[in-house]
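One structure is given here, and the rest of the page talks about it.
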Amino acid sequence: MMETCFHEHIHPNLNFPNHGSGPKNLAVRTLPHNFRRHLQPLPVAVGHVTFTRRVRTLGRITILGVRFKVGKRLAHQYVSATLYTRTMIVKIHSHGQLIKQFDFSFVGKRLL
């Protein structure tokens with residue numbers, strides 16, 4: 001995918017040729033209509049993912065479609081939310097200090 005983006009979808013404002021000047025012999029490939037593998041859940045790797053979110057006026061943030069109440073005192077500030085995939089816990093930090101910790105109930109929910 002990266003190779004296609006680098007050669008086919010080059011940004012014209014960077015003084016590179018546009019996508020029309022790329023190779024002409026590439027055919028667009030599509031998945032068959034009966035392809036359903038993408039609907040199966042993917043395994044989650046062990047580790048952590050950090051999100052930076054701006055706290056809304058009501059004191060909430062959203063991570064992967066799940067809302068968390070972090071407090072109105074942090075409204076309009078940015079917080080760091082780290083999701084630990086092994087324990088499925090979200091830890092919210094502000095200025096390096098732990099503010100709150102939540103269980104992440106995302107696993108098993110269907111997105112599509």
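The values are calculated or read from the model by the stated rules, or taken from the named source; none is laboratory data. Note that the structure is predicted; figures quoted are calculated from it, not measured. Please note: Cβ atoms are built from the backbone with ideal geometry, for glycine as well, and neighbour counts cover all protein chains shown. Just the protein is used for accessible areas: all its heavy atoms, side chains included, with ligands, DNA and RNA removed. Shrake-Rupley method; radii C 1.70, N 1.55, O 1.52, S 1.80 Å.
With no solvent and one point per C-alpha, what does the Debye sum give as log10 I(q)/I(0) for the stretch 32-112 at q = 0.21 Å⁻¹?
Each listed q maps to, in turn, -0.95.
Considering only protein heavy atoms, what is the solvent-accessible area of residue 99 at a probe of 1.4 Å, reported in Å² to the nearest 10?
40
Once the cut-off is 11 Å, how many percent of the Cα-Cα pairs in the stretch 26-69 end up in the long-distance tail? Could the numbers behind the result be given before it?
Numbers: 753 of 946 pairs.
Distances greater than 11 Å cover 80 percent of the Cα pairs.
What do you get for trypsin sites (Lys or Arg not before Pro) in the stretch 27-95 restricted to DSSP loop and a cutoff of at most 10 other Cβ within 10 Å of the site's Cβ?
On the way: sites: 29, 36, 37, 53, 54, 56, 60, 67, 69, 72, 73, 86, 91; in loops: 29, 36, 56, 86.
Hits after loop and neighbour filter: 29, 36, 86.
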